[in-house]
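**Student:** Before anything else, here's the structure in question.
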Amino acid sequence: MTQDPTRKQRSEGIPLGRIGGVPVTLAWSWFVIAAVIVFLFGPRVAGAVSGLGTAAAYGVALGYALLLLFSVLVHELAHALTAKAWNWPTPRIVLTLWGGHTQFGDVRATPGKSLVVALAGPAANFLLAVAGLGLLVFLEPGTVSWLLADIFVWANFLVAIFNVLPGLPLDGGRIVETIVWKATGSQDRGTLAAGWAGRIIASALAAAIIVPPFLQGRTPDFGLLLITAVVSGFLWMGAGASISNARMRMRLPSVSAAALMEPAAQVPAAATVSYVRQAAEAAGPGTAIILTAPTGQPEAVVDAGALFAVPEHLSGQTPASAVARALAPGAYVPDAASGQELIAYLSKLEGSEYAVINREGTVVGLLRQDTVVAAITGRTPNRRA
């Protein structure tokens, strides 16, 4: 089933239109971090600018949140537009609770291009910071405009430096990924290494903020502690997602219909329960029975429990379809399908069970969706009779 891209974009947040042909969405979660910024920085603004009322101070803090949003937007646009220069398909920007991220379609990148796209974002923030420094020269210190410009400069410098730290999901993680990718020839191994580097950075950041005050007998600043918890949590989860995705991609080559299927035998759909019982006994334990149409197309999977629950005196007149669950239309795959080809094939089919056929079109196995998912994720599948 194809999902309407416009509807999906609206469900994620507020569509802001296109910039340079790139769709931009402001996620609902951004308003959470905006509220945190206003709450934390409002009182500090009131103390930094004399004569500024409470309402005005919170308004300036909101202005800071908007300037940060602009900085993140420019950062992500740098990623997206650099990627477009190499014709990477369908770049898309979502400005989220954590800042933002740029989504791409299926791309076949090289280590060099991947690194350039990643570092384009921090480079854009560095240029914004330099532009802000130039603006500060013309502003009077202690004014609201000077304060906003000063915060803008520091924020962009910090975002640029922070993002080049060598660990995913930060842009600098692509440095680690590229080195390992070049050394091993495997992007997935590079992503795995960069993900673990990201977890180390997340742990080090939290320790650097929390441990020193306790060693000195002080209580960490609540605002700084809150920001650290949010940032470290974001880094840890993003790094974990990178590790999980890399492991899944590394498992793909071993995912094949022939290796994951249960053995199966085919029986005409017009057969009786008695006939299917004989076929099941002949096929042996653990062999699924699949009913096929006169054309040979798989139609249903016999339920073993229901098959032997039919009384013996009724088995000769009960149709096999009465003890079977229907397969979705076209729910069969070739036994030679494997890897990304198999995943793409299954993504177009409905249902959770698929007959496996050989080159001659004969049913040779039964493939279950949870078995495939388990093979990719490394989890134990939920077995079904």
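The values are calculated or read from the model by the stated rules, or taken from the named source; none is laboratory data. What you see is a predicted model, and the numbers here were worked out from it, not measured in a lab. Neighbour counts are summed over all protein chains in view; Cβ atoms, including those assigned to glycine, are modelled from backbone coordinates with ideal geometry. Each accessible area value is taken on the protein alone, full model and side chains, heavy atoms only, with ligands, DNA and RNA left out. Shrake-Rupley method; radii C 1.70, N 1.55, O 1.52, S 1.80 Å.
**Student:** Residues in segment 322-331 that are in a helix (DSSP H, G or I) and open to solvent by less than 40 Å² (accessible area, probe 1.4 Å): how many?
**Tutor:** Result for segment 322-331: 1.
**Student:** Could you figure out which of (1) open to solvent by 30 Å² or more (accessible area, probe 1.4 Å); (2) outside any helix (DSSP H, G or I) isn't true of Ile179?
**Tutor:** Failing condition for Ile179: (2).
**Student:** Does Gln317 satisfy the condition of being part of a loop (DSSP other than H, G, I, E, B), more than 23 Å from Ser352 (Cβ to Cβ) and out of contact with any Asp or Glu (no Cβ under 6 Å at 6 or more places or on another chain)?
**Tutor:** When the stated conditions are applied, Gln317 passes them.
**Student:** OK, next. State all residues of segment 266-282 that are open to solvent by 70 Å² or more (accessible area, probe 1.4 Å) and assigned to a loop (DSSP other than H, G, I, E, B); if no residue qualifies, say none.
**Tutor:** The answer is Ala270, and nothing else.
**Student:** Ile161 is checked against (1) at pLDDT 90 or above; (2) over 23 Å from Ile33 (Cα atoms) and fails just one. What number does that condition carry?
**Tutor:** (2)
**Student:** Then there's this: Of the residues Pro285, Pro253, Pro263, which is at pLDDT 95 or above and surrounded by fewer than 17 Cβ atoms within 10 Å (Cβ to Cβ)?
**Tutor:** Pro263
**Student:** From the set of residues in segment 335-375 that are assigned to a helix (DSSP H, G or I) and polar (S, T, N, Q), which is nearest to Thr287 (Cα to Cα)?
**Tutor:** Ranking the candidates gives Thr371 first.
**Student:** Of everything in segment 309-321, what is in contact (Cβ under 8 Å) with a residue 40 or more places away in the chain and loosely packed, with under 13 Cβ neighbours inside 10 Å? Give them in sequence order.
**Tutor:** Leu314, Gly316, Gln317 - these are the residues of segment 309-321 that are in contact (Cβ under 8 Å) with a residue 40 or more places away in the chain and loosely packed, with under 13 Cβ neighbours inside 10 Å.
**Student:** Identify the residue in segment 344-357 that is at pLDDT below 95 and over 12 Å from Leu260 (Cβ atoms) and, among all such residues, is most open to solvent (accessible area, probe 1.4 Å).
**Tutor:** The selected residue is Lys348.
**Student:** Let me ask another. Please indicate, with yes or no, whether at least one residue in segment 364-372 is farther than 30 Å from Ala241 by Cα, among the β-branched types (Val, Ile, Thr) and either touching a residue at least 24 places away in the same chain (Cβ under 8 Å) or touching a Lys or Arg at 6+ places or on another chain (Cβ under 8 Å) (or both).
**Tutor:** Checked segment 364-372: at least one residue is farther than 30 Å from Ala241 by Cα, among the β-branched types (Val, Ile, Thr) and either touching a residue at least 24 places away in the same chain (Cβ under 8 Å) or touching a Lys or Arg at 6+ places or on another chain (Cβ under 8 Å) (or both).
**Student:** While we're here: Residues of segment 287-308 being farther than 28 Å from Arg251 by Cα, touching a residue at least 12 places away in the same chain (Cβ under 8 Å) and part of a loop (DSSP other than H, G, I, E, B), which ones?
**Tutor:** Matches in segment 287-308: Ala293, Pro294, Gly296, Gln297, Asp303, Phe308.
**Student:** Follow-up question, since we're still on this one. Take the residues in segment 187-220 that are of a type in the set (Gly, Ala, Ser) and open to solvent by 30 Å² or more (accessible area, probe 1.4 Å); name whichever of them is modelled with the lowest pLDDT.
**Tutor:** Per the stated criteria, the residue is Gly217.
**Student:** While we're here: Filter segment 124-158 down to the residues that are under 20 Å from Val45 (Cβ atoms), touching a residue at least 40 places away in the same chain (Cβ under 8 Å) and not polar (S, T, N, Q) and list them by number.
**Tutor:** Gly142, Val144, Leu147, Leu148, Ile151, Phe152, Ala155
**Student:** Here's a check for you: in segment 221-250, which residue that is aromatic (Phe, Trp, Tyr) and surrounded by 13 or more Cβ atoms within 10 Å (Cβ to Cβ) is modelled with the lowest pLDDT?
**Tutor:** Once the filter is applied, the top-ranked residue is Phe234.
**Student:** Specify which of the listed residues (Val72, Val153) is open to solvent by less than 50 Å² (accessible area, probe 1.4 Å), at pLDDT 90 or above, in contact with a strand residue (DSSP E or B) (Cβ under 7 Å, 6 or more places away or on another chain) and not basic (Lys, Arg).
**Tutor:** Selected residue: Val72, the only one of Val72, Val153 that is open to solvent by less than 50 Å² (accessible area, probe 1.4 Å), at pLDDT 90 or above, in contact with a strand residue (DSSP E or B) (Cβ under 7 Å, 6 or more places away or on another chain) and not basic (Lys, Arg).
**Student:** If I filter segment 332-343 down to residues being in contact with a strand residue (DSSP E or B) (Cβ under 9 Å, 6 or more places away or on another chain) and more than 24 Å from Arg277 (Cα to Cα), which single residue comes out as surrounded by the most Cβ atoms within 10 Å (Cβ to Cβ)?
**Tutor:** Leu342
**Student:** Only one of these is open to solvent by 60 Å² or more (accessible area, probe 1.4 Å) and in contact (Cβ under 8 Å) with a residue 24 or more places away in the chain: Ile37, Ile19, Ile33. Name it.
**Tutor:** Exactly one of Ile37, Ile19, Ile33 is open to solvent by 60 Å² or more (accessible area, probe 1.4 Å) and in contact (Cβ under 8 Å) with a residue 24 or more places away in the chain, namely Ile19.
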